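Student: I have a structure I would like to understand better, so I am pasting it below and will then ask my questions one at a time.
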Amino acid sequence: MLETVVQAVINGLLIGGIYALVSIGVTLIFGVVKIVNFAQGEFVMIGMYISFFLATQFGIDPLLSLVVSMPTLFVLGVLIQHFLIRRVLGPNDMPQIFLTFALSLLLLNLALLLFSANYRTVHTSYSDEAIHLGGLYIPVAKLIAFVVAMALSGLLWLFLHTTDLGRAMRAASQNRDVATLMGINPNRVFAVAFGAALALAGAAGSLLMPFYSAYPFVGQVFVLMAFVAVVLGTLGNVVGALVASLMMGVAESLGIQFVGADSGLIVVFAMLLLTLAFKPSGLGGRRAR
Amino acid sequence: MTNERPQSVVASRKAAEKPRRHSRRQFLKTTGTALAAAGFGAVPLRGWAADPVNIGALYPTTGSMAQIGVGCVAAAKLAVEMINDAGGIKSLGGAKLNLILSDVQSDTTVTRTETDRLISGNKLSAIHGCFASALTLIASEVCERAKVPIITGSSSDQLNKGRTYTFTPFARASQFARAQLQMSKLVADQPKVAVIFENTAFGTSTSNGLKELAPGEGVEIVMFEPYSAGFTDASPLINKVKASGANTLFSVSYLNDLILIVRTVRQVGLNVAINGGSGGFVIPDFYKNVGKLADGLQGVAHWNHDMDDNAQKVNAEYKKRTGEFLFEYAGGLVAQTFMIADALERAASPDPQKVREALSTLDVSSGYAAMAPGGKVKFGPDGKNVYGRPVGVQWQNGDLASVFPKEDARAPLIKS
């Protein structure tokens with residue numbers, strides 16, 4: 001019994017690490033640029049396809065392809081911020097919502113057109129391997145994904161707290177007008193934030209590839225969890241999103257184990273409802289905005 | 001129900017085609033009448049084709065089920081070509097079959113509007129589709145109301161309840177279940193089965209059949225759980241299977257879920273025989289994604305490409321065109337198209353009601369129309385093939401071999 005619980009927690013934490021990469025991206029964009037990026041899942045999909053094609057065309061391990069997917073998506077993020085998002089920033093939220101939603105649909109259908117709806121899998125030597133500890137097992141590919149995800153989250157935290165640009169980003173997220181008065185160039189800060197968020201989505205894609213299939217709709221599976229995590233962890237709060245993602249992974253896994261195999265998401269959404277009812281600002285408590 | 005539908009590229013393209021088809025038909029009609037009047041009799045001249053017979057094809061070629069739908073469309077085109085090349089429908093003066101495709105987008109709402117649109121926008125003699133039970137149940141409802149016969153490879157037992165225009169030439173979900181249970185006894189002396197199934201029409205109907213029939217077949221079910229289709233992680237579910245002490249796993253799933261399940265079972269080091277049933281398990285994509293891990297895995301299908309000589313012949317042609325073997329749904333669809341042709345031949349009319357009558361009296365045991373496990377097709381009053389039975393299959397070296405029952409087996413079952 002104990003073993004089953006521990007195994008369920010391990011499984012939950014491992015998938016929670018991936019949720020974290022997606023949700024941190026969403027919360028970073030929301031915190032800094034103040035827009036909700038509905039297309040974040042599609043950027044995960046792009047990351048997956050980049051890794052898939054590098055693996056099948058050039059034999060590059062999906063994990064190594066991080067060094068391609070992350071910069072590519074960073075640049076894509078800067079370009080999207082510069083040419084699209086910048087134009088709709090303003091007091092009215094509607095154009096921003098429509099823009100990122102449209103972007104999501106565009107990317108999804110573009111992927112359908114280019115790659116078809118087929119599932120694409122990369123088979124690596126460690127895809128089916130697991131570390132066995134007593135009765136417990138830890139899938140190698142997921143463990144690597146988890147460790148890298150945590151390392152990237154840590155790096156982002158360091159960046160936000162120790163570099164000038166990071167501090168500027170946090171300042172811009174707290175009060176855009178005052179930050180501008182202090183000599184911070186919001187366009188530059190927003191572009192870096194958007195780029196960094198997309199780079200994280202790209203990383204999530206590459207890390208997923210050894211154990212999950214790429215297909216045009218794949219982003220939607222993860223983005224739903226990401227939005228819940230972002231709300232649970234307080235909008236705009238990076239650490240909150242990380243903690244909430246891990247909690248959701250564990251809640252989902254325990255739900256499947258002890259409530260019913262199709263109730264994983266019910267447990268997660270129940271968590272969301274209760275949090276919104278009793279602590280509307282999210283589990284993080286203090287408002288990070 | 002109106003025949004309006006959202007504006008889309010497909011819609012406008014189809015709309016653009018429509019007037020042309022009408023004018024050609026009118027042209028042929030006028031020409032035919034003129035020729036008859038000129039004393040050539042009612043027999044059409046060589047070179048003057050009779051009116052083509054429209055057959056509707058409802059398949060998801062976009063959306064989550066697209067990869068199967070696209071294969072179905074390729075098979076439907078192949079079947080129509082085969083019939084037309086062999087001279088079309090002779091009793092209708094060699095009329096060619098004209099396939100009218102419709103993309104139901106893997107979506108139940110779209111399926112309803114598309115079926116409506118297809119029927120009201122075209123003079124159809126019959127329809128085939130949609131393979132996925134959730135979609136077929138809706139399409140068959142619309143066909144019932146419009147009195148157009150639909151023939152389908154979908155296996156939901158519900159399709160045989162209260163419908164008179166729906167024909168199901170292949171095995172029903174409940175029959176799949178019995179075959180699966182019997183196969184489990186071939187690999188384990190005392191099968192303890194964990195049944196996990198996706199919470200959809202397909203998953204629920206198939207697994208309910210398993211549950212009902214297990215006691216009668218002497219198989220113990222130790223776990224019976226629905227899961228949310230399209231999950232991110234199979235580990236919690238397989239953790240649960242492990243805790244149940246099962247030695248056999250029945251997974252009623254479409255492709256992506258099954259890939260995750262098979263990989264996770266391997267990672268856990270769980271030693272169970274896996275029967276993937278039908279669904280995503282019996283298509284070439286499964287092996288492409290799972291590779292050698294798939295070898296030894298069992299399943300059940302309503303059709304398999306090595307069943308008989310005709311199946312092998314059609315398979316060779318399909319393989320030449322698409323590079324992949326003719327999978328269950330697509331292969332069954334070729335047979336269905338020949339059943340429609342057989343009915344048209346005997347009805348000697350493109351009128352959908354007469355085609356329905358002819359389908360209900362279909363009785364074949366040779367040729368492509370009889371290309372079903374058991375080799376015989378005859379519909380009962382509920383539209384179900386009275387001879388219908390599934391074929392047990394197993395992945396062996398990247399190919400799907402028929403292994404069960406003995407009469408249909410083309411290769412011995414490998415015990416893993």
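The values are calculated or read from the model by the stated rules, or taken from the named source; none is laboratory data. None of these values were measured; they are calculated from a predicted model. Counting neighbours? That spans all protein chains shown, and the Cβs are built from the backbone with ideal geometry, glycine included. The area values use the complete protein model at the heavy-atom level, side chains included, leaving out ligands, DNA and RNA. Shrake-Rupley method; radii C 1.70, N 1.55, O 1.52, S 1.80 Å.
Student: Look at residue A:165 and say whether it is open to solvent by 20 Å² or more (accessible area, probe 1.4 Å), over 19 Å from the mean Cα position of the chain (by Cα) and away from chain B (no Cβ under 14 Å). I'd like the intermediate steps shown before the answer.
Tutor: Values: open to solvent by 20 Å² or more (accessible area, probe 1.4 Å): yes; over 19 Å from the mean Cα position of the chain (by Cα): yes; away from chain B (no Cβ under 14 Å): yes.
Spelling it out, residue A:165 is indeed open to solvent by 20 Å² or more (accessible area, probe 1.4 Å), over 19 Å from the mean Cα position of the chain (by Cα) and away from chain B (no Cβ under 14 Å).
Student: Still on this structure: In the range B:290-302, is there at least one residue being facing chain A (nearest Cβ under 7 Å) and open to solvent by less than 10 Å² (accessible area, probe 1.4 Å)? Quick ask: steps written out before the conclusion?
Tutor: Start the filter on the range B:290-302 by keeping residues that are facing chain A (nearest Cβ under 7 Å), which leaves B:291, B:293.
Going one step further and asking which of them are open to solvent by less than 10 Å² (accessible area, probe 1.4 Å), we end up with none.
No - not one qualifying residue is present in the range B:290-302.
Student: Could you please give the count of residues in the range A:118-144 that are open to solvent by 60 Å² or more (accessible area, probe 1.4 Å) and without any contact (Cβ under 8 Å) to a residue 24 or more places away in the chain?
Tutor: Result for the range A:118-144: 6.
Student: Residue B:110 fails exactly one of the following numbered conditions: (1) under 22 Å from the mean Cα position of the chain (by Cα); (2) under 22 Å from residue B:349 (Cβ atoms). What is the number of that condition?
Tutor: (2)
Student: Can residue A:68 be described as farther than 17 Å from residue A:198 by Cα, surrounded by fewer than 24 Cβ atoms within 10 Å (Cβ to Cβ) and among the β-branched types (Val, Ile, Thr)?
Tutor: Working: farther than 17 Å from residue A:198 by Cα: no; surrounded by fewer than 24 Cβ atoms within 10 Å (Cβ to Cβ): yes; among the β-branched types (Val, Ile, Thr): yes.
Taking the combined requirement at face value, the residue does not satisfy it.
Student: Can you pull out the residues in the range B:305-342 that are open to solvent by less than 10 Å² (accessible area, probe 1.4 Å) and among the charged types (D, E, K, R)?
Tutor: Correct list: B:328 only.
Student: Still on this structure, I have one more. What pairs can you find where one residue is in the range B:366-388 and among the charged types (D, E, K, R), the other is open to solvent by 60 Å² or more (accessible area, probe 1.4 Å), and their Cβ atoms are less than 7 Å apart, with a gap of 6+ or different chains?
Tutor: B:376/B:365; B:376/B:387; B:378/B:363; B:378/B:386; B:378/B:387
Student: May I pose another question? Where in the range B:153-260 are there strands (runs of 3 or more DSSP E), lying wholly inside it, with at least 3 residues that are open to solvent by 10 Å² or more (accessible area, probe 1.4 Å)?
Tutor: Values: elements: B:192-198, B:220-227, B:248-252.
Correct list: B:220-227.
Student: Could you run through the range B:60-82 and say how many residues are open to solvent by less than 10 Å² (accessible area, probe 1.4 Å) and either hydroxyl-bearing (Ser, Thr, Tyr) or closer than 18 Å to residue B:367 by Cα (or both)?
Tutor: The qualifying residues number 4.
Student: Could you please tell me which pairs satisfy a Cβ distance under 6 Å, a separation of 6+ or placement on different chains, a first residue in the range B:109-121 that is within 18 Å of residue B:132 (Cβ to Cβ), and a second residue that is small (Gly, Ala, Ser) and buried (at least 20 other Cβ atoms within 10 Å of the Cβ)?
Tutor: Close Cβ pairs (under 6 Å, with a partner that is small (Gly, Ala, Ser) and buried (at least 20 other Cβ atoms within 10 Å of the Cβ)) amount to B:111/B:139; B:114/B:102; B:115/B:139; B:118/B:56; B:118/B:102.
Student: For the range B:256-285, give me the residue count where each residue is within 11 Å of chain A (Cβ to nearest Cβ) and over 17 Å from the mean Cα position of the chain (by Cα). Steps first, answer last, please.
Tutor: So the first thing to find is which residues in the range B:256-285 are within 11 Å of chain A (Cβ to nearest Cβ), and the list is B:256-260, B:262-270, B:280, B:283-285.
Of the ones still in play, those that are also over 17 Å from the mean Cα position of the chain (by Cα) are B:256-260, B:262-270.
Number of matching residues: 14.
Student: Which condition number does residue B:139 fail, the rest of (1) in a loop (DSSP other than H, G, I, E, B); (2) in contact with a Cys (Cβ under 8 Å, 6 or more places away or on another chain) being met?
Tutor: Condition not satisfied by residue B:139: (1).
Quick grid of which residues meet (1) under 24 Å from residue A:13 (Cα atoms); (2) under 22 Å from the mean Cα position of the chain (by Cα); (3) part of a helix (DSSP H, G or I):
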residue	(1), (2), (3)
A:148	yes, yes, yes
A:154	yes, yes, yes
A:173	no, yes, yes
A:179	no, no, yes
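Student: Within the range B:225-249, track down each residue that is touching a residue at least 40 places away in the same chain (Cβ under 8 Å), under 28 Å from the mean Cα position of the chain (by Cα) and facing chain A (nearest Cβ under 7 Å).
Tutor: Answer for the range B:225-249, where residues must be touching a residue at least 40 places away in the same chain (Cβ under 8 Å), under 28 Å from the mean Cα position of the chain (by Cα) and facing chain A (nearest Cβ under 7 Å): just B:230.
Student: Criterion first (open to solvent by less than 10 Å² (accessible area, probe 1.4 Å), more than 16 Å from residue B:57 (Cβ to Cβ) and either of a type outside the set (S, T, N, Q) or touching a Ser or Thr at 6+ places or on another chain (Cβ under 9 Å) (or both)) does residue B:89 satisfy it? Talk me through it step by step, then tell me what you get.
Tutor: Numbers: open to solvent by less than 10 Å² (accessible area, probe 1.4 Å): yes; more than 16 Å from residue B:57 (Cβ to Cβ): yes; either of a type outside the set (S, T, N, Q) or touching a Ser or Thr at 6+ places or on another chain (Cβ under 9 Å) (or both): yes.
Yes.
Student: While we're here: Identify, from the list A:201, A:196, the residue that is touching a Phe, Trp or Tyr at 6+ places or on another chain (Cβ under 6 Å), among the small types (Gly, Ala, Ser) and modelled with pLDDT of 90 or more. Spell out the reasoning first.
Tutor: On the way: A:196 fails: touching a Phe, Trp or Tyr at 6+ places or on another chain (Cβ under 6 Å).
Answer to the check: A:201.
Student: Output the residues belonging to the range B:63-90 that are of a type in the set (S, T, N, Q) and modelled with pLDDT of 95 or more. Don't jump to the end; show me each part of the working.
Tutor: Narrowing the range B:63-90 to residues of a type in the set (S, T, N, Q): B:64, B:67, B:84.
Correct list: B:84 only.
Student: Do we have residue A:63 as touching a residue at least 40 places away in the same chain (Cβ under 8 Å), touching a Pro at 6+ places or on another chain (Cβ under 9 Å) and not in a helix (DSSP H, G or I) here? Let's see the steps before the verdict.
Tutor: Details: touching a residue at least 40 places away in the same chain (Cβ under 8 Å): yes; touching a Pro at 6+ places or on another chain (Cβ under 9 Å): yes; not in a helix (DSSP H, G or I): yes.
The answer is yes for residue A:63.
Student: State which residue is farthest from residue A:239 (Cα to Cα) when the search covers only the range A:1-38 and only residues that are away from chain B (no Cβ under 14 Å) and open to solvent by 10 Å² or more (accessible area, probe 1.4 Å). If you could, list the steps in order and put the result at the bottom.
Tutor: Start the filter on the range A:1-38 by keeping residues that are away from chain B (no Cβ under 14 Å), which leaves A:24-38.
Narrowing further to those that are open to solvent by 10 Å² or more (accessible area, probe 1.4 Å): A:30, A:34, A:36, A:38.
Values: A:30: 14, A:34: 17, A:36: 18, A:38: 20 Å.
The extreme case among them is A:38.
Student: Then there is this: Can you spot a residue in the range A:106-115 that is open to solvent by 50 Å² or more (accessible area, probe 1.4 Å), touching a Phe, Trp or Tyr at 6+ places or on another chain (Cβ under 8 Å), at the interface with chain B (Cβ under 9 Å from one of its Cβ atoms) and not aliphatic (A, V, I, L, M)?
Tutor: no
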